[in-house]
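Values in this text are rule-based calculations from the coordinates and carry no lab data. Note that this is a predicted model, so its numbers are computed, not measured. Cβ placement follows ideal geometry from the backbone for every residue including glycine, while neighbour counts extend to all protein chains displayed.
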Amino acid sequence: MLNKVLIANRGEIAIRIMRACREFGIPTVAVFSDADAQALFVKYADEKYNIGPGPASQSYLQKQKIIDVALKCGADGIHPGYGFLAENHEFAALCKKNGIEFIGPPVHAMELMGSKIDSKKSMIKAGVHVVPGVTEAIADHERAKDIAHEVGYPVMLKASAGGGGIGIVQVDDEQQMEKALTTVRTLAKNSFGDDSVFIEKFIENPRHIEFQVIGDKKGHVIHCCERECSVQRRHQKLIEETPSCALTPELRKEIGAQAVLAAKTAGYYNAGTCEFMFRNGEYFFLEMNTRLQVEHPITEQILGIDLAREQLRVASGLELEYEQQDIRSRGHAIECRINAEDPLNNFCPAPGKIFRYAEPSGPGIRIDSGVYQGFTIPPFYDSMIAKLIVWAEDRPRAINRMKRALWEFQIGGVRHNIPFHQVVMDHPAWRAGDYNTSFIPKYNILEQVTKTVQETKVPSQTPKTAAAMAAVQAVMMAANQQPPRQQT
């Protein structure tokens with residue numbers, strides 16, 4: 001096994017990895033910015049090192065600084081978590097150059113899957129079903145118009161090196177193309193240092209379904225079933241569940257085999273995720289995320305597998321503990337991302353100091369969080385407060401358990417999106433499992449959230465639903481609670 005692991009990340013994912021290391025008896029090392037000096041993950045680690053100012057570009061994205069800390073403290077492994085350097089093949093190569101195990105996939109797999117154009121070419125050759133489109137970088141807007149006519153409007157312009165919903169623009173007709181191409185290229189260059197853009201057919205109102213895969217260095221690869229991630233805003237996930245209501249056992253087996261084929265084609269090992277668009281019984285490979293996903297806990301809940309533990313084992317050269325026939329799901333799991341953002345203001349980030357924080361508890365509830373009462377959420381990073389995960393014997397009971405957990409969750413001092421999650425849990429389409437990536441605009445969910453919050457702020461009015469009652473608790477605490485006075 002590895003002797004010491006440095007976690008090149010922050011927040012709840014850093015703690016998640018440290019917990020897996022602790023169960024193996026592996027010492028952990030935290031690197032942190034000035035803004036995170038009092039963060040929970042820093043307190044949890046066995047060793048900690050400051051690597052710079054708050055902005056990520058001056059701290060968490062400083063490759064050489066992180067390598068220098070690892071060499072200084074004797075860490076023989078680095079886990080990148082997700083985000084920051086997690087899918088940066090240059091960082092993985094730098095680890096290898098310095099004799100440090102990158103706890104993730106090999107560099108060649110990251111390079112391949114990091115380019116949506118190159119990965120699409122590779123997948124087509126291997127026989128993986130991909131989204132219709134072209135496998136060439138767009139030279140100019142005239143060529144883009146020609147390709148779009150061949151593929152058929154509407155189309156998607158995508159940054160080849162993009163990720164996290166960044167660098168994606170829908171184009172409905174020829175008149176929009178020139179401006180859209182300029183926008184995506186500029187964004188891609190600024191965000192990823194690569195302005196390569198390609199075109200895919202826009203799959204209207206799909207479901208977003210991903211398959212967890214994991215492989216070892218001996219070439220064994222398995223999938224760990226699917227997660228449905230169709231409740232999104234700005235192409236970023238808010239709620240995930242497993243299993244998906246849309247898949248039959250036959251489709252699950254078929255798409256899972258495609259995910260394994262994609263991973264093997266890339267020469268992949270460690271944990272990764274193959275993402276698919278699904279509509280009317282058809283599915284298309286979208287991309288592969290070469291890292292552990294934010295929503296990995298729901299997979300762990302239905303399978304009883306510790307994915308972070310498996311990552312450490314694979315990085316240490318051990319074979320997988322599971323064969324494909326061992327992967328059997330049980331029950332249903334849902335994850336709600338609890339973020340410091342205002343759903344009444346288009347999910348605008350709302351960093352600040354948390355003056356009250358009380359997590360829900362009870363059977364089937366798991367909280368992955370990196371905050372505490374009195375902690376100040378910095379403005380420099382993702383606004384996540386916690387991941388609220390529930391498990392139950394079936395989907396209706398899981399939804400009801402999530403409703404109860406959301407009602408119990410108390411956060412004061414910052415605005416948050418708990419009212420949004422409460423409205424979704426009560427929505428008929430969600431409860432029926434009849435939803436896709438257009439769920440939020442199609443059903444005017446944000447208008448419903450606003451209406452619910454406004455109604456529950458009227459003292460004389462009796463809340464009509466459990467969701468409304470919970471919205472009172474959550475929103476009023478966030479908007480009106482003042483910090484406690486200091487004792488003198």
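Some observations on this one:
- Förster radius 25 Å - calculated FRET efficiency between ARG330 and GLN236 (Cβ-Cβ, nearest 0.05): 0.30
- Here is the P(r) of segment 108-213: all C-alpha pair distances, binned every 10 Å from 0, give 15, 48, 33, 5, 0 in whole percents.
- Between segment 205-238 and segment 294-372, the alpha-carbon center distance in angstrom: 14 Å
- Rounded FRET efficiency, nearest 0.05, which uses the C-beta distance separating TYR82 from GLU321 and R0 of 30 Å: 0.85
- Backbone N under 15 Å from the ASP394 label point (7 Å along Cα→Cβ), restricted to segment 223-259: 243, 245
- Helical mean residue ellipticity (222 nm; -39500 (n - 2.57) per DSSP H run of 4+; nearest 500) of the chain: -11000 deg cm²/dmol
- Note on segment 5-103: with charges restricted to the Cβ of Lys and Arg (+1) and Asp and Glu (-1), its dipole about the Cα centre is near 40 debye.
- In this structure, the pairs whose alpha-carbon distance is over 28 Å, taken from LYS48/LYS218; LYS65/LYS189; LYS43/LYS65, are LYS48/LYS218.
- Counting Lys and Arg as +1 and Asp and Glu as -1 over every other residue whose Cβ lies under 14 Å from the Cβ of GLY162, the net charge comes to -1.
- When each full DSSP H helix of the chain is screened for a Cα extent of at least 18 Å along its own axis and an average Kyte-Doolittle hydropathy of at least 0.0, the helices passing are 11-24, 466-480.
- Relative contact order for the chain: 13 percent, from Cα pairs under 8 Å spaced at least 6 residues apart, divided by residue count.
- Computed from the alpha carbon positions, the gyration tensor of the chain leads to an equivalent ellipsoid with semi-axes of 33, 30, 24 Å, biggest first.
- Taking only the Cα atoms of segment 5-103, the radius of gyration and Dmax are 11.9, 33 Å.
- The simple spin-label model puts a point 7 Å past each Cα toward its Cβ; for ASP172 and LYS451 those points are separated by 2.4 nm.
- Potential extension, GLU408-ALA358 segment - 0.36 nm per residue separation minus Cα distance: 17.2 nm
- LYS121 paired with ALA139, simple spin-label distance in nm, labels 7 Å along Cα-to-beta-carbon: 1.6 nm
- Restricting the GluC sites (Glu not before Pro) of segment 141-233 to loop positions (DSSP other than H, G, I, E, B) with no more than 12 neighbouring Cβ atoms within 10 Å leaves GLU204.
- Zone of MET1's modelled label, taken as backbone nitrogen in segment 307-327 under 18 Å from a point 7 Å along Cα→Cβ: 307-322
- Considering only trypsin sites (Lys or Arg not before Pro) in DSSP loops that have at most 12 other Cβ atoms within 10 Å, the longest stretch of the chain without any of them is 1-217.
- Straight-line reach from LYS442: taking Cα to Cα under 19 Å and skipping same-chain neighbours fewer than 8 places apart, the lysines in range are LYS237, LYS451.
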